[in-house]
1. Pairs of Cα atoms under 8 Å, at least six residues apart: use those to get the relative contact order of the chain, whole percent.
2. Which value, in debye to the nearest 20, describes the size of the charge dipole of the stretch 2-196 about its Cα centre when Lys and Arg Cβ atoms bear +1, Asp and Glu Cβ atoms bear -1, and nothing else is charged?
3. Using mean Cβ contacts within 10 Å as the protection proxy, how do 24-30, 172-178, 145-151, 38-44 order, highest first?
4. Can you run the Rg to Rh ratio on the stretch 2-196? Use alpha carbon positions and the Kirkwood inverse-distance Rh.
5. How many nm is it between the label spots at residue 71 and residue 150, if each spot is 7 Å from the Cα in line with the beta carbon?
6. What is the sum of charges around residue 58, taking Lys and Arg as +1, Asp and Glu as -1, for the other residues whose C-beta is under 12 Å from the C-beta of residue 58?
7. Taking +1 at the Cβ of each Lys and Arg and -1 at the Cβ of each Asp and Glu, which of 127, 61, 158 sits farthest along the dipole of the chain towards its positive end, judged by Cα position relative to the Cα centre?
8. What number, rounded to the nearest 500 deg cm²/dmol, is the helix-based mean residue ellipticity at 222 nm of the chain, given -39500 (n - 2.57) per DSSP H run of at least four residues and division by all its residues?
Amino acid sequence: MRIGVIAIQGNVEEHVDALKRALRQAKLEAEVVKIKHKGIVPACDALILPGGESTTLGRLMEKEGISSEIRKAANSGIPVMGTCAGLVLLAKHGDEQVEKTKQPLLSLMDVRVNRNAFGRQKESFESLVDFKGLTEPFNAIFIRAPCITEAGKGVEILSIYRGQIVAARQKNLLALAFHPELTEDLRIHEYFLKMIG
């Protein structure tokens with residue numbers, strides 16, 4: 001099994017570390033690779049789109065030819081997890097800010113996003129959130145976090161915080177407004193590993 005982390009920008013090392021720890025804990029064997037250029041995505045069994053600055057990340061992924069490979073892989077059914085900016089990129093529809101900046105989206109998940117729903121960097125925070133499938137609340141870290149404002153019929157809502165959708169799943173796509181890789185809690189990464197099978 002090979003899991004790819006898009007390594008153009010964002011919390012790449014943190015995701016790689018969390019994945020390796022979750023794999024060890026689950027006693028699973030897998031190679032975790034960092035993806036900076038096209039050609040690696042097709043050889044992966046799962047992908048993670050980390051947080052970062054979504055406009056920059058989207059443009060660099062398009063420039064490197066990675067976006068089309070991600071779309072093809074996701075449409076073939078491989079699991080893809082997007083955190084924070086990764087959630088924005090997975091969405092089919094953005095808010096006015098996304099449209100104004102002409103931010104490239106992967107347009108994979110039937111959701112509309114509000115890019116900076118919880119404010120700017122200085123308004124970053126952490127809070128316990130209930131997450132469908134986890135028995136105990138998860139300590140979620142929100143950094144310039146987006147939220148899902150609309151979700152299509154095929155989208156399962158996994159977590160709501162203060163009336164805002166902050167985690168959802170649509171078949172093989174998992175989108176989170178927060179950063180599970182910045183905590184010691186591996187349950188979200190373990191949830192993702194179960195999606196891989």
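1. Rounded, it is 20 percent for the chain.
2. Roughly 440 debye, rounded to the nearest 20.
3. Put in order of decreasing packing, that is 172-178, 145-151, 38-44, 24-30.
4. Rounded to two decimals, Rg/Rh equals 0.93.
5. 2.1 nm
6. Neighbour charge sum, excluding residue 58 itself: +1.
7. 61
8. Dividing the helical sum by the residues of the chain leaves -8000 deg cm²/dmol.
Since every read-out is calculated from the coordinates, none of them should be taken as a lab result. This is a predicted model, so every value here is computed, not measured. A quick note on method: Cβ atoms are made from the backbone with ideal geometry, for glycine too, and the neighbour counts reach across all protein chains shown.
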